[in-house]
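Engineer: Below you'll find the structure I mean.
No lab work stands behind these numbers, since they all come straight from the coordinates. For clarity, every value in this text was computed on a predicted model and none was experimentally measured. Using ideal geometry, Cβ is built from the backbone for each residue, glycine included, and neighbour counts are taken over all protein chains shown.
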Amino acid sequence: MSLKFLAEDDRPREKFLQKGKSALSDSELLAIIMGSGNREESVLELARKILASVNNNWHQLSLLSVKDLMKFNGIGEAKAISIITALEIGRRRAGQEIPEKSLIGNSHDAYSILKNQLSDLRTEEFWAIFLNNSNKVIHTSQLTQGGISQSIVDVRVLFKTALEHFSTGVIIAHNHPSGSLKPSKEDINITQKIKEAGKVLSIQLLDHIIVTQDSYFSFSDAGLL
C-alpha cells in the first residue's frame, strides 16, 4: 500500500508539509524514506514493525545490513539501500561542526562578501545579504540581472526572500559597470522604497552598497539611510 492510498491523517508527507518535520514520529519518518509498504501492511505499519525489531532505536537500525532489512516483506534491495543511506547521512551530519555564520559589523564586511560576485561584471546585478538579529549572514542571493546601466529589483521578491529566511536585517547591493561610485536618482529612490517597505515588516535595511571594480560606496556610511 503506497502513501497515496492512506487516509489523509496518516500521510506522513502531507503531515510534514502542514505541521513540519518535528511533528513526525520515528515511524512516519521511516515511512517517508520507504515510500510504500506491502500487500498486507501499509507503509506506516511496516515502518513500525521494522523499528520495533530494533527496540525503536535508530542506532540499532543503522547496524542492520541490506540483507537484514530485506528479510522484511516489502523491503527490496532499493528500499534497504535508501534506509541505510539516510541513516549514514544522519551519522555524518552528527559528526560535522555547524559552520560559523559571517558577522557583518560595517560596510567593508558586506563589500568583502559581495565584491567577488559584482566587481568585474559588465552588466548590472542586484544582490542582497539577509541577516539575523545578531547581524550574522543567513543567506546571500542574486535578485536581478539587468543591462549596462540599470538593474531593477522587485521589492516583493526581496522581502519574500527575507521572510522565507526569517531575516531581521537586509543589506542590498548592486554594481556600476561604468566605474562611477555616485548613486543615481534611481538608486536613491529604490533605497528609500525598500527602507519604507521594511519598516512595515520590521525588517531593517542596514545598507545599500554600490560596487565597482576596485571600490565601493555605502549609503549608510554616507548618511543616506
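Engineer: How large is ³J(HN,Hα) for each residue in the stretch 93-105, as worked out from phi by the Karplus curve 6.51 cos²θ - 1.76 cosθ + 1.60 (θ = phi - 60°), to whole Hz, x for Gly and Pro?
Structural biologist: Going residue by residue, I get 4, 4, x, 9, 7, 6, x, 6, 6, 5, 9, 9, x Hz, with x marking Gly and Pro.
Engineer: Cross-link list K21/K49; K15/K199; K115/K193; K67/K101; K15/K115; K15/K193: which exceed 32 angstrom alpha carbon to alpha carbon?
Structural biologist: K15/K199; K67/K101; K15/K115; K15/K193
Engineer: Rounded, prolate or oblate, given the Cα gyration tensor of the stretch 3-94, with a/c below 1.5 counting as rounded?
Structural biologist: Verdict is oblate for the stretch 3-94.
Engineer: Next question, about the same structure. May I ask you to compute the full-extension gain from N38 to A197, defined as 0.36 nm times their residue separation minus their alpha-carbon distance, rounded to one decimal in nm?
Structural biologist: The N38-A197 span can extend by a further 51.9 nm.
Engineer: For I138, enumerate residues with amide H under 5 Å from its amide H, sequence gap 5+ or separate chain, H modeled in the peptide plane.
Structural biologist: F130, L131, N132
Engineer: Estimate the FRET efficiency between H139 and K49 by the formula 1/(1 + (r/R0)^6), using the beta-carbon distance for r and 35 Å for R0, to the nearest 0.05.
Structural biologist: In this case the efficiency is close to 0.30.
Engineer: Quickly estimate the mean residue ellipticity at 222 nm for the chain, helices only: each DSSP H run with n ≥ 4 gives -39500 (n - 2.57), and the total goes over all residues, rounded to 500.
Structural biologist: -12500 deg cm²/dmol
Engineer: Additional query: Just to confirm a number: summing +1 for Lys and Arg and -1 for Asp and Glu over residues other than I75 whose beta-carbon lies under 12 angstrom from that of I75, what do you get?
Structural biologist: +1
Engineer: A further question on this structure: For V155, project a label point 7 Å along Cα to C-beta. Then give me every residue of the stretch 174-200 with its amide nitrogen under 13 Å of that point.
Structural biologist: 188-200
Engineer: Can you bin the stretch 107-218 into rounded, prolate or oblate? Criterion: square roots of the alpha carbon gyration tensor eigenvalues sorted a ≥ b ≥ c, rounded for a/c under 1.5, prolate for a/b above b/c, oblate for the rest.
Structural biologist: Here the stretch 107-218 falls in the prolate category.
Engineer: I would also like to ask the following. Taking 0.36 nm per residue of sequence separation and subtracting the Cα-Cα distance, how much length would be gained by fully extending the chain between F16 and T123, in nm to one decimal?
Structural biologist: That works out to 34.3 nm of additional length.
Engineer: I want to check the label-to-label distance for N57 and I188. Put each point 7 Å from Cα in the C-beta direction and report it in nm to one decimal.
Structural biologist: 7.0 nm
Engineer: Right, something else. For the stretch 68-140, build the charge dipole from Cβ charges (+1 Lys, Arg; -1 Asp, Glu) around the Cα centre, then report which of H139, W127, T85 sits farthest towards its positive end.
Structural biologist: Checked the options; the winner is T85.
Engineer: Subtracting the Cα-Cα distance from 0.36 nm times the residue separation, let me have the gained length for A23 to H165 in nm, one decimal.
Structural biologist: Fully extending the segment from A23 to H165 adds 49.1 nm.
Engineer: Report the GluC sites (Glu not before Pro) located in the stretch 86-184 that are in a DSSP loop and have at most 14 other Cβ atoms inside 10 Å of their Cβ, or state none.
Structural biologist: E97, E100
Engineer: Where a Cα-Cα gap under 12 Å defines reach, which aspartates and glutamates qualify for K136, not counting those fewer than 8 residues away within the same chain?
Structural biologist: Straight-line reach from K136, under 12 Å: E100, D109.
Engineer: Here is a further query. Based on alpha-carbon positions alone, could you give the equivalent ellipsoid semi-axes of the chain from the gyration tensor, as √(5λ), descending, whole Å?
Structural biologist: Working from the Cα gyration tensor, I get semi-axes of 51, 18, 16 Å.
Engineer: Continuing with the same structure: Within the stretch 11-63, report the trypsin sites (Lys or Arg not before Pro) that DSSP leaves as loop and that have at most 13 other Cβ atoms within 10 Å.
Structural biologist: R39
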